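The values are calculated or read from the model by the stated rules, or taken from the named source; none is laboratory data. Please read all numbers here as calculations on a predicted model, not as lab measurements. FYI the Cβ positions are ideal-geometry reconstructions off the backbone, even for glycines, and counts take in every protein chain you see. Side chains included, ligands, DNA and RNA excluded: accessible areas come from the protein's heavy atoms. Shrake-Rupley method; radii C 1.70, N 1.55, O 1.52, S 1.80 Å.
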Amino acid sequence: MTASLRASVDFDDLAVEDISRHFGRRRALSKITFHAGRNTILGLLGPNGAGKSTMLSMLATLLRPSGGRIRYGSHEAGPHAAAPHSEALRAAIGVLGHDLFLYPELSARENLAFFAALHGIAASADAARAALQRAGLADRADDPVSSFSRGMRQRVALERALIHGPRLVLLDEPFTGLDDASAAALVARLNGLRESGAIVILATHDLDLAEGLLDRAVFLRDGRMVQSIDRPDRLRATYRAVMTRS
Amino acid sequence: MFARTVWLVVRKDLTVEVRSREIAYTTLFFAVSCVLVFAFALVKEGRAITDAAAGILWIAIAFSGTLALGRAFERERQSETLRALLLAPAPRPAIYVGKLVGIVALLVAAEIILIPMIALLFQAPLLAHPFWLAAVVVSGTIGFSAVGTLFAAMLVRARSRDVLLPVLLYPITVPVIIAGVRATAALLEPELDVAIVRFWVALLLAFDVVFVTLALWTFEPLMTD
């Protein structure tokens with residue numbers, strides 16, 4: 001993990017136990033249960049409105065569950081947990097949202113240095129420089145993000161999410177708008193994260209790119225978990241079968 | 001860590017504003033238009049209604065402040081960067097204070113242009129007591145912005161946020177605006193009564209303490225869901 005001025009918790013596994021979330025009378029998620037350990041890429045698969053983004057928001061501590069609990073190793077988040085959204089827990093989580101969480105007026109370097117500093121990384125400029133190298137954008141480091149293509153912005157956003165070396169990485173539709181080369185680079189990066197011991201949770205519609213990448217697939221529909229499969233193969237056929245059956 | 005986070009957020013907001021100049025231009029344009037319209041309506045033969053300058057100053061601050069608050073958080077909404085700030089392992093109240101300081105800095109910059117303009121158009125001796133004027137304007141701006149920053153952050157995901165912000169903000173900040181108007185009017189008297197001005201400034205500072213404390217207390221739970 002990157003040298004940080006902030007305290008961070010570490011954990012080896014993530015356990016989601018009977019998690020539900022309601023927005024008023026609308027039920028977004030109902031009694032979802034799954035588990036992921038280190039060196040794992042878990043896919044949340046399902047149609048629009050299945051509850052994938054809500055699940056990621058709860059895992060990111062942005063939303064409190066209405067019921068059930070989420071355990072990050074020995075640390076617990078839930079409606080009745082003592083300190084469900086501690087700063088130390090957030091220091092161990094990296095999020096790449098559907099929106100990219102970047103300031104378009106700032107350059108790639110400024111964006112990365114800002115978020116590195118916000119995560120308490122002592123040498124934020126060095127961390128930003130290294131992240132730009134990994135993204136292959138060192139030569140565009142001082143250009144404003146608004147001048148970047150979607151693929152380039154996505155690469156900067158991924159480095160922003162990973163700049164503090166999080167144990168848990170949450171990705172919401174990370175393949176959106178990427179060309180084949182950028183998508184392949186992202187797949188390689190995700191495989192690298194798995195090798196480094198991260199727990200990666202990925203919500204995606206892109207079953208072709210997720211094929212062969214996932215260690216576990218959790219299928220959601222209408223806020224319910226319809227199936228969980230380890231080492232899924234023939235993902236598209238499995239998805240079709242699961243969704244038509246339930 | 002708290003002060004460092006505040007500084008990072010303020011520096012980021014001011015850098016973005018220097019690049020885009022979006023809030024500065026819109027706020028200033030709106031405030032200047034507002035003052036000009038009132039000057040044409042209320043100044044007859046070079047003489048304005050008594051204390052009109054005090055009222056116009058605070059109307060311009062309140063209206064242009066609301067505009068600035070809306071735009072400052074619209075910017076955070078467009079790329080969902082507010083979520084990124086909330087996801088950082090930084091104290092969330094520090095993020096609130098950082099946003100507040102940025103808004104206050106922008107409004108004070110606008111007031112530096114507005115005050116001489118109002119003094120000139122309304123023939124009001126606003127700059128006769130610069131120390132007390134600065135105390136009144138800055139403490140009033142902090143009180144107004146403290147509530148406004150909290151509400152603007154809360155409403156960032158609401159569909160009708162542009163309508164809801166003034167509806168929520170003005171009733172709660174009316175005491176600040178009234179105290180600001182009365183304190184400014186006291187500064188326009190031919191003989192300055194320091195005791196009265198001190199009373200209004202103390203009241204404004206009391207509002208600041210109450211509003212900032214409540215906002216720091218409620219920001220994290222309000223932003224979590």
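Given the structure, is B:V6 open to solvent by less than 10 Å² (accessible area, probe 1.4 Å) and touching a residue at least 40 places away in the same chain (Cβ under 8 Å)? Write out each step before concluding.
Working: open to solvent by less than 10 Å² (accessible area, probe 1.4 Å): no; touching a residue at least 40 places away in the same chain (Cβ under 8 Å): yes.
No.
In the stretch B:93-103, which residues are within 14 Å of another protein chain (Cβ to nearest Cβ) and surrounded by fewer than 21 Cβ atoms within 10 Å (Cβ to Cβ)?
Within the stretch B:93-103, just B:P93 meets the criteria.
Identify the single condition in (1) assigned to a helix (DSSP H, G or I); (2) open to solvent by 10 Å² or more (accessible area, probe 1.4 Å) that A:A157 does not satisfy, given that it satisfies every other one.
Failed condition: (2).
Look through B:R77, B:R19, B:R71 and report the one residue that is basic (K, R), open to solvent by 50 Å² or more (accessible area, probe 1.4 Å), in a helix (DSSP H, G or I) and touching a strand residue (DSSP E or B) at 6+ places or on another chain (Cβ under 8 Å).
Going through B:R77, B:R19, B:R71 in turn, the sole match is B:R19.
This table checks each residue for (1) basic (K, R); (2) closer than 30 Å to B:V97 by Cβ.
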{"residue": "B:M1", "(1), (2)": "no, yes"}
{"residue": "B:R4", "(1), (2)": "yes, yes"}
{"residue": "B:R11", "(1), (2)": "yes, yes"}
{"residue": "B:K44", "(1), (2)": "yes, no"}
{"residue": "B:T50", "(1), (2)": "no, no"}
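Determine whether B:L106 is of a type outside the set (K, R), more than 14 Å from chain A (Cβ to nearest Cβ), open to solvent by 60 Å² or more (accessible area, probe 1.4 Å) and part of a helix (DSSP H, G or I).
No: the conditions fail for B:L106.
Exactly one condition in (1) in a helix (DSSP H, G or I); (2) within 14 Å of chain B (Cβ to nearest Cβ) is not met by A:N191; state its number.
(2)
Inspect the stretch A:208-221 for any residue being modelled with pLDDT under 90, assigned by TED's automatic domain parsing to the domain that holds A:G51 and open to solvent by less than 10 Å² (accessible area, probe 1.4 Å) and give the result as yes or no.
The answer is yes; a qualifying residue exists.
Would you please name the residue that is farthest from B:A39 (Cα to Cα), looking only at residues in the stretch B:125-147 that are open to solvent by less than 40 Å² (accessible area, probe 1.4 Å) and in contact with an Asp or Glu (Cβ under 9 Å, 6 or more places away or on another chain)? Don't jump to the end; show me each part of the working.
Quick first cut of the stretch B:125-147, residues open to solvent by less than 40 Å² (accessible area, probe 1.4 Å) only: B:126, B:133, B:135-137, B:139-141, B:143-147.
Imposing the further condition that a residue be in contact with an Asp or Glu (Cβ under 9 Å, 6 or more places away or on another chain) reduces the set to B:137, B:139-141, B:143, B:146.
Details: B:V137: 20, B:S139: 25, B:G140: 23, B:T141: 22, B:G143: 26, B:A146: 29 Å.
Selected residue: B:A146.
Would you check which residues across the stretch A:95-126 are modelled with pLDDT of 95 or more, more than 8 Å from chain B (Cβ to nearest Cβ) and within 20 Å of the chain's Cα centre (by Cα) and list them?
If the condition is that a residue be modelled with pLDDT of 95 or more, more than 8 Å from chain B (Cβ to nearest Cβ) and within 20 Å of the chain's Cα centre (by Cα), then A:N111, A:L112, A:A116 are the ones that fit.
Does B:A41 fit the bill of being part of a loop (DSSP other than H, G, I, E, B) and either among the basic types (K, R) or open to solvent by less than 60 Å² (accessible area, probe 1.4 Å) (or both)?
No.
Select from the stretch B:179-225 the residues that are among the aromatic types (F, W, Y), surrounded by 19 or more Cβ atoms within 10 Å (Cβ to Cβ) and closer than 24 Å to B:A153 by Cα and list them in ascending order.
B:F207, B:F211, B:F219
Considering only the stretch B:10-30, state which residues are more than 8 Å from chain A (Cβ to nearest Cβ) and among the β-branched types (V, I, T).
The answer is B:V10, B:V18, B:I23, B:T26, B:T27.
Give the residues of the stretch B:52-85 that are more than 14 Å from chain A (Cβ to nearest Cβ) and touching a Lys or Arg at 6+ places or on another chain (Cβ under 9 Å), sorted by residue number.
B:A54, B:G70
Checking B:M154 against (1) away from chain A (no Cβ under 14 Å); (2) open to solvent by less than 50 Å² (accessible area, probe 1.4 Å); (3) among the hydrophobic types (A, V, I, L, M, F, W, C), which test does it fail?
Only one criterion is unmet by B:M154, namely (2).
In this structure, does A:R150 turn out to be at pLDDT below 90 and within 24 Å of A:F11 (Cα to Cα)?
No: the conditions fail for A:R150.
Considering (1) within 17 Å of the chain's Cα centre (by Cα); (2) open to solvent by 50 Å² or more (accessible area, probe 1.4 Å); (3) of a type outside the set (F, W, Y), say which one B:G55 fails and leave the rest.
Of everything listed in (1) within 17 Å of the chain's Cα centre (by Cα); (2) open to solvent by 50 Å² or more (accessible area, probe 1.4 Å); (3) of a type outside the set (F, W, Y), B:G55 misses just condition (2).
Against the condition in the same structural domain as A:I41 (by TED's automatic domain parsing) and either modelled with pLDDT of 95 or more or open to solvent by less than 50 Å² (accessible area, probe 1.4 Å) (or both), how does A:L190 come out, does it pass? If you could, list the steps in order and put the result at the bottom.
Details: in the same structural domain as A:I41 (by TED's automatic domain parsing): no; either modelled with pLDDT of 95 or more or open to solvent by less than 50 Å² (accessible area, probe 1.4 Å) (or both): yes.
No, not satisfied.
Kindly provide the set of residues from the stretch A:160-188 that are assigned to a helix (DSSP H, G or I) and of a type in the set (D, E), ordered by number. It would help to see each step written out before you state the result.
Our first condition is that a residue be assigned to a helix (DSSP H, G or I); within the stretch A:160-188, this holds for A:160-162, A:180-188.
If the condition is that a residue be assigned to a helix (DSSP H, G or I) and of a type in the set (D, E), then A:D180 is the only one that fits.
Being under 23 Å from A:A183 (Cβ atoms) and open to solvent by 50 Å² or more (accessible area, probe 1.4 Å) is the filter; apply it to the stretch A:222-246 and report the residue that is modelled with the lowest pLDDT.
The selected residue is A:D233.
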